Each structure stands twice: as C-alpha cells, then as structure tokens.
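Q: I have a structure here, written as structure tokens, and I will follow up with some questions on it.
What follows is calculated from the coordinates using simple rules that are stated; it is not laboratory data. These figures come from a predicted structure and were not determined experimentally. Cβ sites come from the backbone with ideal geometry, for glycine too, and all protein chains shown count toward neighbours.
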Amino acid sequence: MKKIILLLIGILLLVSFVNADLVFKQNDQVDLKVPCLSNNTYCAASTLCNISIFYPNQSILINNQKMNNQTAFYNFTVSQNQLNSLGNYQSQVVCNGANDNGFSTFNFKVTKTGGDNANYQSSLILSIVGLIVFLTLIFVIKEDFVRIILTVPTLLMVLGIINIISLITIDPILSKAIDIIYKVVFWVLITLIIFMAYQFIKNWFAKPVDEDEEDEED
C-alpha cells in the first residue's frame with residue numbers, strides 16, 4: 001500500500017519570511033514552493049508533484065502542471081502577468097511516487113501592492129479624520145475665499161482616501177468604479193486649482209483706483 005505523503009503547504013518567497021497570509025503583487029512573477037515530506041523525510045526524487053491554480057472567478061490559470069523537484073521542496077513559477085486578476089486564488093498540489101501519494105490545497109491573495117490590506121487601515125483612518133477636520137472648517141468659516149482655499153486640501157484628502165480604498169479592494173468591478181471616481185475627483189481638483197490661480201492673478205494685477213482720481217471724478 002502506498003504511504004500517505006504529508007504535504008506541509010507553506011509557500012515561501014525567496015525574499016521574505018514565512019507569512020500566514022500569502023499575498024502577491026498583481027502581474028508579478030511568483031515562485032510557489034511546497035515542501036513534500038514522507039515519514040518525516042523528504043519525498044523521493046522519483047515522486048512527481050503537479051499543481052493546479054484557479055482564478056478568483058474559478059476559471060483555470062494552471063492546469064495540472066509539473067512542479068520542479070528541489071529536494072527540500074517542489075517549486076512552480078507563475079509567469080509575469082499571469083496573476084492579472086485581483087482576488088483570492090485557490091491551488092491544489094497532487095503528488096505521486098513509487099511508494100508515496102498525497103495531495104493538499106492552499107489559497108493566496110493577489111493585490112495591487114502585494115501587501116496585506118491591513119497595513120493600510122491606519123492610513124485610511126488618519127485620512128478620514130483629516131477629511132472630517134477640513135469639512136468642519138469649511139462649514140464653520142464664513143469667508144468664501146478661505147473656504148475655497150480649504151476645499152483644495154479637502155479634495156486631496158478625498159483623493160487619498162479613494163486611492164487607499166482602490167489599493168486594498170480586490171473586487172475587480174469595485175476597483176474599476178473606484179478608479180472612475182478617482183479620476184472625476186482629480187479633474188474637479190485640477191479645475192478648482194486653475195480657477196483659484198486665475199482669481200489670484202486677476203486680483204494681483206487688478207489696477208487699484210486712486211483716491212485722488214475718485215475725488216476728481218466727483
């Protein structure tokens with residue numbers, strides 16, 4: 001009877017430590033490393049391991065392709081631009097040998113930055129607090145010109161919040177919608193800056209009326 005292989009799924013990056021949450025950057029080349037153990041030792045050199053990977057929408061990315069035996073682990077390289085969809089990928093590894101067989105599954109996540117989304121939570125919270133402060137100032141201050149000036153950093157805060165949300169979202173439809181909103185807010189900000197610059201130049205070069213000239217006209 002064939003012995004059951006104990007597959008310890010622990011995908012490791014060469015440039016990083018072991019991470020409980022497997023996260024990779026969109027469109028990056030990725031090396032998936034899967035240890036294969038049998039009876040507390042490495043699997044035999046003759047043992048073959050194949051891997052299948054599924055996109056977040058369950059379509060097939062990798063279909064039962066052979067992994068390379070590196071003695072201590074089996075490696076499979078996902079080429080650049082293959083991880084083009086944001087979301088959670090499902091994978092399974094099946095190994096067979098003369099005296100061994102077994103399988104295991106694991107998941108990994110693909111994001112725009114390749115980082116854990118939790119790392120952006122503090123930045124998002126600070127940006128929201130800053131937005132609330134500027135909105136409060138806009139409603140409290142009565143001078144129109146000052147309120148217009150405060151609108152610029154307020155819109156910058158909005159852009160920052162939208163950008164962070166865009167980075168952490170893994171839903172492709174939501175990501176596209178957020179990108180559209182970002183572009184709209186960006187061009188509103190550019191238009192406002194141009195308007196403020198025009199008003200500033202207009203007031204700067206406006207010719208003041210001499211009081212003596214006003215008296216002569218009277």
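Q: Taking the Cα centroid of the range 147-169 and of the range 63-134, what is the distance between the two, rounded to the nearest whole Å?
A: Value for the Cα centre distance between the two parts: 30 Å.
Q: When Trp204, Trp187 are ordered from fewest to most other Cβ atoms inside 10 Å of their Cβ, what list results?
A: In order of increasing Cβ crowding within 10 Å: Trp204, Trp187.
Q: Related question: Identify the residues of the range 31-70 with backbone N under 15 Å of a label point that sits 7 angstrom from the Cα of Gln90 along the Cα-to-Cβ direction, or state none.
A: Residues passing the 15 Å test: 52-64.
Q: Next question, about the same structure. Sticking with the crude label model, points 7 Å out along Cα→Cβ, report the distance from Ile193 to Leu135 in nm, one decimal please.
A: 2.3 nm
Q: Moving on. For the range 56-61, in order, what is each residue's ³J(HN,Hα) by Karplus, 6.51 cos²θ - 1.76 cosθ + 1.60 with θ = phi - 60°, in whole Hz (x at glycine and Pro)?
A: With the stated coefficients, the range 56-61 comes to x, 8, 6, 6, 7, 9 Hz.
Q: Over the range 117-204, what is the relative contact order in percent, taking alpha-carbon pairs closer than 8 angstrom and at least six residues apart?
A: Computed over the range 117-204, the figure is 30 percent.
Q: Sticking with this one: Of the listed pairs Lys142/Lys176; Lys109/Lys176; Lys25/Lys66; Lys66/Lys109; Lys25/Lys183, which have alpha-carbon separations greater than 29 Å here?
A: From the list (Lys142/Lys176; Lys109/Lys176; Lys25/Lys66; Lys66/Lys109; Lys25/Lys183), the Cα-Cα distance tops 29 Å for Lys142/Lys176.
Q: I've got another one for you. What does the extension gain come out to for Asn57 and Gln70, with contour length at 0.36 nm per residue minus their alpha carbon separation?
A: 1.6 nm
Q: Starting from 0.36 nm per residue, how many nanometres of slack lie between Gln82 and Leu156 once their C-alpha separation is accounted for?
A: Separation in residues times 0.36 nm, less the Cα-Cα distance, equals 23.3 nm.
Q: Separate question: Compute, for the range 117-204, the length of the dipole vector about the Cα centre, with Cβ point charges of +1 (Lys, Arg) and -1 (Asp, Glu) only. Units Debye, rounded to 20.
A: 160 debye
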